[in-house]
1. Residue by residue through the stretch 113-129, which ³J(HN,Hα) values in whole Hz follow from phi under the Karplus form 6.51 cos²θ - 1.76 cosθ + 1.60 (θ = phi - 60°), with glycine and proline marked x?
2. Sort the following peptides by mean Cβ neighbour count (other Cβ atoms within 10 Å, averaged over residues), highest first: 70-80, 14-24, 112-122.
3. Can you give the FRET efficiency for residue 19 and residue 171, using 1/(1 + (r/R0)^6), R0 = 30 Å, r = Cβ-Cβ distance, to the nearest 0.05?
4. Under Stokes-Einstein, with the Kirkwood radius over Cα pairs standing in for Rh, what whole-number D in µm²/s applies to the stretch 43-130 at 37 °C and 0.692 mPa s?
5. Could you tell me the number of lysine pairs in the stretch 28-133 with C-alpha atoms less than 19 Å from each other, where the two lysines are 8 or more residues apart or belong to different chains?
6. Just how many % of Cα pairs in the stretch 26-86 lie over 16 Å apart, if you round to the nearest whole percent?
7. Please identify the GluC sites (Glu not before Pro) of the stretch 99-186 that satisfy two criteria: DSSP loop assignment and at most 14 other Cβ atoms within 10 Å. Which are they?
8. Averaged per residue, what accessible surface does the chain expose to a 1.4 Å probe, in Å²?
Amino acid sequence: MEIEIKLKTTKEIFEKTKLRLEKEGTKKKEKEQHDIYFSPVNPNFFGKEENDECLRIRIQNEKYILSYKKIIFGNKEEDIHLIEHETTFENLEEMKKLLACLNIHEVITLNKKRMSYIYQDTIEISLDEVEDLGYFIELEIINPNTEISTSNKLLKDTIKKLGLDIEQRDKTGYANALYKLKHSIK
């Protein structure tokens, strides 16, 4: 389970937050991520108002990671969280063939640069520069056993403490936003 909040931001706020985190946070790592998103033919994961699930292959540090994520919105804002299943594998082309056999097809490719920090030992803050989409700040609870509503409150409090704006929350997700951009969907 993941509990996170992602904010769409400007380059100026992105850089200002980066400087602050370099002073206050513990630099974790910098990485480039190449993500290939897939969808079954029916139901299609893309083109909806809110993309609530995705199937992705992430290529990072010469490793292949297959992930399935589903957003659980719950009854109120404090209930939002993600269910995630991941596994690594060795042969990218064979995995693509396997998915195609199941009528699951490649939809979109996304590239991003990510700089991650550990903030106050409780939150991983990632600064993402996403090709074609811009700048984002993602805050994620480190301990997955923390209660959902408590975690969401901690994330919102941290957003406020960092001088960021919760109104910039992005629930669309990178893949769905890029899909809409590439297909001229509003």
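1. Listing the rounded values in order: 9, 10, 10, 10, 10, 9, 10, 6, 6, 10, 10, 9, 10, 10, 9, 10, 10 Hz.
2. The packing order, highest mean first, is 112-122, 14-24, 70-80.
3. Calculated value: 0.65.
4. Numbers: Rh = 15.5 Å.
Result for D is 212 µm²/s.
5. 17
6. On the way: 1072 of 1830 pairs.
Result: 59 percent of Cα pairs exceed 16 Å.
7. For GluC sites (Glu not before Pro) across the stretch 99-186 that sit outside H, G, I, E and B with at most 14 neighbouring Cβ atoms in 10 Å, the list reads 131, 147.
8. Each residue of the chain exposes 56 Å² on average to a 1.4 Å probe.
The values are calculated or read from the model by the stated rules, or taken from the named source; none is laboratory data. None of the values given here were measured: they were computed from a predicted structure. Cβ atoms come from the backbone with ideal geometry, glycine included; neighbour counts cover every protein chain shown. We work out accessible area using only protein heavy atoms, side chains counted, and drop any ligands, DNA or RNA first. Shrake-Rupley method; radii C 1.70, N 1.55, O 1.52, S 1.80 Å.
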